[in-house]
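Everything on this sheet refers to the single structure shown next.
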């Protein structure tokens, strides 16, 4: 309605201005014509009366002529008066009545009309040819009341017609504005709001053949295209999520493959114990309490092997990502270091998790453990025999990197530090790129850190790397703390 109101306001103001100007020009033209007619009629009447006064003066004398002039004044609209034009007027008379100077130059046959709005009269002066040497003139005075009544009547009629035209044009414009502007505009605005809210169903169907109709059809076409694009995007997002899930699971299985040899070694000792004790019981070498004690040992070793296998299977099993919950990052790091214990011992590397209070973050526990496993495996592989890998969880205030954005904020962090050969600045800047690796062929796919970084970013955090050649590397995971979520 606002655009319609503005349109109507401009139209009405413009129309009123045009009608007002037209009425003023028409009234002014009629007033000029009316006054011209008055002047012409006054001049004709003045000449006629002047000739009558001259003849009366010539044949009947001055008194009869003055009587005729007096008789003229009996008309309510015209009054007559005889003026002597000599002696010439004084300076005082000229100052009081400047028109006297024009009267002095008055000649027979050339009437003079003078308008006096202050007195409300039109004066007509006609030179008289009278006997003797003196010069005289006949003055006729006609009231302007008729002209004023005519002007008022013309103004009233012009205003009335202007008002009628203004109301008619304003009503027609209002009706057309409501039908062809306000109603389609309201539908366009409502449709735009629904599109902005994600409702792409339905069509405007504007049939009018103007700019608003064209805009409506363009909006319908845009809505169809957005609906198709949204469907394609949903398919692409679903495919991307499936691919990311498969990639993460593949990376998990790759890690499981690296752990397999260590787990096999870890199972060797309890298997030997179980086999030896079982053989001794079977041959009757152990009887009574000794046999019972051997059975207990076999049971304990079996539980130990079952726990190791279960831990490996739980890590390898494809799981549906769960909701983000409270996760103790320090306890998670301890579990992963235990799982990687065999690999670390085989490589001659010591893994140590710093003790301390629980550090809780908001994340999916299984996915966070996958990230920690990846970082610890990389740290063990980067360390030399006799090396040391440390893990520490803390509550810190950190500034997000540029690709994350934001101000300094409290975060829950886990730092994995190794004493390997480190990386150059160029390599450290590319470690999270997919398929980038510095390992030998067959030892890595280049996807581990990329997948880990994607998991952490999905949780609203990030991974920072601090490394220098010959000084080892530190990979730090930052996750939203429990306090930020609450």
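The values are calculated or read from the model by the stated rules, or taken from the named source; none is laboratory data. Predicted model only: the values in this text are computed from it and were never measured. Here Cβ is always computed from backbone atoms with ideal geometry, including for glycine, and neighbour counts include all displayed protein chains.
Is it the case, given these coordinates, that residue 25 is out of contact with any helix residue (DSSP H, G or I) (no Cβ under 8 Å at 6 or more places or on another chain), more than 22 Å from residue 108 (Cβ to Cβ), in a helix (DSSP H, G or I) and modelled with pLDDT of 80 or more?
Numbers: out of contact with any helix residue (DSSP H, G or I) (no Cβ under 8 Å at 6 or more places or on another chain): yes; more than 22 Å from residue 108 (Cβ to Cβ): yes; in a helix (DSSP H, G or I): yes; modelled with pLDDT of 80 or more: yes.
In short, yes.
For region 350-367, the set of residues classified as out of contact with any helix residue (DSSP H, G or I) (no Cβ under 6 Å at 6 or more places or on another chain) and part of a helix (DSSP H, G or I) consists of 365, 366, listed by residue number. Considering region 36-84, and only residues there that are out of contact with any helix residue (DSSP H, G or I) (no Cβ under 9 Å at 6 or more places or on another chain) and not in a helix (DSSP H, G or I), the residue that is nearest to residue 146 (Cα to Cα) turns out to be 76. Out of 169, 141, one residue alone is surrounded by 12 or more Cβ atoms within 10 Å (Cβ to Cβ) and either under 57 Å from the mean Cα position of the chain (by Cα) or on the phi > 0 side of the Ramachandran plot (or both). It is 169. Flag set for residue 444, criterion: buried (at least 18 other Cβ atoms within 10 Å of the Cβ), at pLDDT below 80 and outside any helix (DSSP H, G or I).
Every residue, every condition in (1) part of a helix (DSSP H, G or I); (2) out of contact with any helix residue (DSSP H, G or I) (no Cβ under 8 Å at 6 or more places or on another chain); (3) in the same structural domain as residue 86 (by TED's automatic domain parsing), yes or no:
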| position | (1), (2), (3) |
| --- | --- |
| 110 | no, yes, yes |
| 123 | no, yes, yes |
| 127 | no, no, yes |
| 149 | yes, yes, yes |
| 179 | yes, yes, no |
| 194 | yes, yes, no |
| 207 | no, no, no |
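Filter region 447-461 down to residues that are touching a strand residue (DSSP E or B) at 6+ places or on another chain (Cβ under 7 Å) and at pLDDT below 85 and give me whichever is surrounded by the fewest Cβ atoms within 10 Å (Cβ to Cβ). If we take residues in region 447-461 being touching a strand residue (DSSP E or B) at 6+ places or on another chain (Cβ under 7 Å) and at pLDDT below 85, then 453 is surrounded by the fewest Cβ atoms within 10 Å (Cβ to Cβ). Entry remark, region 389-404: residues being outside any strand (DSSP E or B), surrounded by fewer than 16 Cβ atoms within 10 Å (Cβ to Cβ) and either touching a strand residue (DSSP E or B) at 6+ places or on another chain (Cβ under 9 Å) or touching a residue at least 24 places away in the same chain (Cβ under 8 Å) (or both) number 4 in total. If the condition is being at pLDDT below 80 and outside any loop (DSSP other than H, G, I, E, B), then region 129-142 contributes no residue at all.
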